[in-house]
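Data first, discussion second: the structure below is written as structure tokens.
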Amino acid sequence: MRHPVLLSALLLLPAAASAQALPPGAWAITSTAVELVIPGAPGFILRMMRGKSKTERKCLPPEQASSGVAALFVPKPEARCTVERAQFAGGRIDHVMTCPQKKGAPMRIVRAGSYGATGFTARMTMTGETDKGAMRIVADQVAARTGPVCKR
């Protein structure tokens, strides 16, 4: 009779291990443009944007931080994105979502990378269609905690 209980406990271990909590507080996700294919955009603008970074700030209260790195991947409600896949296990990230555009088919955002207790690094590839053709943006992302208290 002990074996079913032990087996149940062992089956729960990987799930608990993959939900490694992050410290609550202020976080920054910095995205650096690696590749930009935007039909109709002037080449010099695309060259200027390559290598540039943009930082998104997030606040993780304790109840969100306890769910682990997945909390940093929750899309903003106003974006109306749909998460297709969100797998965070063994230090690896596999995240896919689609986000609607004002016109045309949704944008598809794929992230793959690694994570730990101090944040994550990932490669994000965003693809979609513009009026002038297929668009592709590739960015390297790094997330790090910037402080124990969120600034409002």
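What follows draws every value from the coordinates through simple rules; no lab data is involved. Given the structure is predicted, the values throughout are model-derived calculations rather than measurements. Cβ atoms come from the backbone with ideal geometry, glycine included; neighbour counts cover every protein chain shown.
Can you list the HN-Hα couplings for segment 94-105, worked out from phi with the Karplus curve (6.51, -1.76, 1.60; θ = phi - 60°), rounded to whole Hz and with x for Gly and Pro?
9, 9, 9, 8, 10, 10, x, 10, 4, 10, x, 5
When the helices in the chain are scored as -39500 (n - 2.57) per DSSP H run of 4 or longer and the sum is shared across all residues, what 222 nm value do you end up with, to the nearest 500 deg cm²/dmol?
Helix-only estimate at 222 nm: -5500 deg cm²/dmol.
What FRET efficiency do you get for GLU63 and ALA112 if R0 is 22 Å and r is their Cβ-Cβ distance, rounded to the nearest 0.05?
Once rounded, the FRET efficiency stands at 0.20.
Determine which lysines satisfy two conditions relative to LYS58: a Cα distance under 16 Å, and not lying fewer than 8 residues away in the same chain.
Of all the lysines, those that pass the test against LYS58 - Cα under 16 Å, at least 8 places apart if same chain - are LYS76, LYS151.
Can you compute the radius of gyration and Dmax for the chain, using only the Cα atoms, both in Å?
Considering the chain through its Cα atoms, Rg and Dmax are 18.5, 71 Å.
Set the Förster radius R0 to 22 Å, insert the Cβ-Cβ distance between ILE38 and ARG85 as r into 1/(1 + (r/R0)^6), and round the FRET efficiency to 0.05.
Here the calculated transfer efficiency is 0.30.
Ordered by residue, what ³J(HN,Hα) values in Hz, to whole numbers, does segment 21-26 give under the Karplus form 6.51 cos²θ - 1.76 cosθ + 1.60, where θ = phi - 60° and Gly and Pro are x?
These are the phi-based 3J(HN,Hα) values: 5, 9, x, x, x, 8 Hz.
Just report the Cα centroid separation between segment 136-152 and segment 27-105, whole Å.
10
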